[in-house]
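Report on the structure given below.
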Amino acid sequence: MGAQWKVKHKEAASNAKGKIFGKLVKEITIAARNGADTATNAHLRLVVEQAKKASMPKETLDRAIKKGAGLLGETVQYHRVTYEGFAPHQVPLIVECVTDNINRTVAEIRVAFRKGQLGASGSVAWDFNHVGMIEASADTPDADPEMAAIEAGAQDFEPGEEGATLFITDPTDLDAVQKALPEQGFTVLSAKLGYQPKNPVSGLSDEQMAEVEAFLEGLDNHDDVQDMFVGLAG
């Protein structure tokens, strides 16, 4: 699990696409604060590519960009907030939220952590590396992820979701690596900054794992939660 936790069978949920679009709209709106031109705004370019791969309607995408860039005359006050703590059985966890009401979100996150432990800033982050994460699929069966990582400038790679490969980069190299991977025979599915655990927890029983999964799923269902990074092996 390690780098980024995902709800099992989440894609099968009837509201999954709506939740994905909602998260992407927030991310696009924040990224567009630094300009609506994807040629000069690397963060926006990455999120727009994710939105297109998720089949977001062009009208929704364009509106989110214009809204974030202040081109619609609307004032958008989304804030990015990071929480640190532990899931049950001392599994370290970093939760990234995007909210228009920090007081409301922190109160609700505290409630969501009632079966875990919400920590202070820095209480868990030391046990993670801040990295770039690029999920990519091989264009051909003989595409070599190790060679692709070396040639594209990634630090490391590991198996990703559904046969894809997760390439790990220095945060400052994220944009350059995701641009270089197609030349190495890989199609980029997503690219983002995230957290990779240094010492993932292992050896949990099936019952303990079920408790952790239920806790994480409850957090993931919160509308303001954008991403969760969990120090859990396997």
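The values are calculated or read from the model by the stated rules, or taken from the named source; none is laboratory data. Since this is a predicted model, take the numbers as computed values, not measurements. Glycine also receives a Cβ, built like all others from the backbone with ideal geometry; neighbour counts cover every protein chain displayed. Keep in mind that these areas ignore ligands, DNA and RNA; they rest on the heavy atoms of the full protein, side chains included. Shrake-Rupley method; radii C 1.70, N 1.55, O 1.52, S 1.80 Å.
Express in nm, to one decimal, how much length is gained between D100 and K66 on full extension, taking 0.36 nm for each residue of separation and deducting their alpha carbon distance.
Residue separation times 0.36 nm, minus the Cα-Cα distance, leaves 10.5 nm.
Take the Cα atoms of the chain, find their three principal axes, and give me the spread along each one in whole Å, biggest first.
Over the chain, Cα extents along the principal axes are 50, 45, 35 Å.
So, how do all the Cα-to-Cα distances of region 128-197 break down into 5 Å bins, in percent, from 0 on up?
Histogramming region 128-197 at 5 Å steps yields 4, 20, 35, 26, 12, 3, 0 percent.
If you put +1 on each Lys and Arg Cβ and -1 on each Asp and Glu Cβ, how big is the dipole of region 90-234 around its Cα centre, in Debye rounded to 20?
Around 740 debye, computed over region 90-234.
Which value, in Å² and to the nearest 10, is the accessible area of R110 when all protein chains are kept and the probe is 1.4 Å?
Counting only protein heavy atoms, the figure is 150 Å².
In region 13-69, if the dipole is taken from +1 on Lys/Arg beta carbons and -1 on Asp/Glu beta carbons about the Cα centre, which of I65, T38, A54 is farthest to the positive end?
The one lying farthest along the dipole's positive direction is A54.
FRET efficiency for A214 and Q117, Cβ-Cβ distance as r, R0 = 25 Å, nearest 0.05?
Computed FRET efficiency for A214 and Q117: 0.95.
Hey, in the GNM for the chain with a 10 angstrom Cα cutoff, which one of K179, K66, K192 fluctuates hardest?
So, out of K179, K66, K192, the one fluctuating most is K179.
Just how far, in whole angstrom, is region 48-112 from region 191-234 if you go by their alpha carbon centroids?
Taking the Cα centre of region 48-112 as reference, the centre of region 191-234 is 18 Å away.
Put +1 on the Cβ of each Lys and Arg and -1 on the Cβ of each Asp and Glu in region 128-197; which of A143, G132, G153 then has its Cα farthest toward the positive end of the dipole?
G132
Would you please give the FRET efficiency between E146 and E207, computed as 1/(1 + (r/R0)^6) with r the Cβ-Cβ distance and R0 = 35 Å, to the nearest 0.05?
After rounding to 0.05, the efficiency reads 0.40.
What length, rounded to one decimal in nm, is gained on full extension from Q90 through to Y78, with 0.36 nm per residue of separation minus their alpha-carbon distance?
1.2 nm
Using only the Cα atoms, work out Rg/Rh for region 96-151, with Rh taken as the Kirkwood radius, to two decimals.
With Rg and the Kirkwood Rh in hand, the quotient comes to 1.22.
Scanning the chain for helices, which whole DSSP H stretches are 24 Å or more long along the axis (Cα) and average 1.0 or more by Kyte-Doolittle?
The answer is none, since no helix passes both cut-offs.
Counting only other residues whose beta carbon sits under 12 Å from that of E158, what net charge do I get with K and R as +1, D and E as -1?
-4
What are the principal axis extents of the Cα atoms in region 13-69, in Å, biggest first?
The principal-axis extents, from largest down, are 36, 18, 16 Å.
What's the extension gain from N199 to T40 if we count 0.36 nm per residue and subtract their Cα-Cα distance?
53.6 nm
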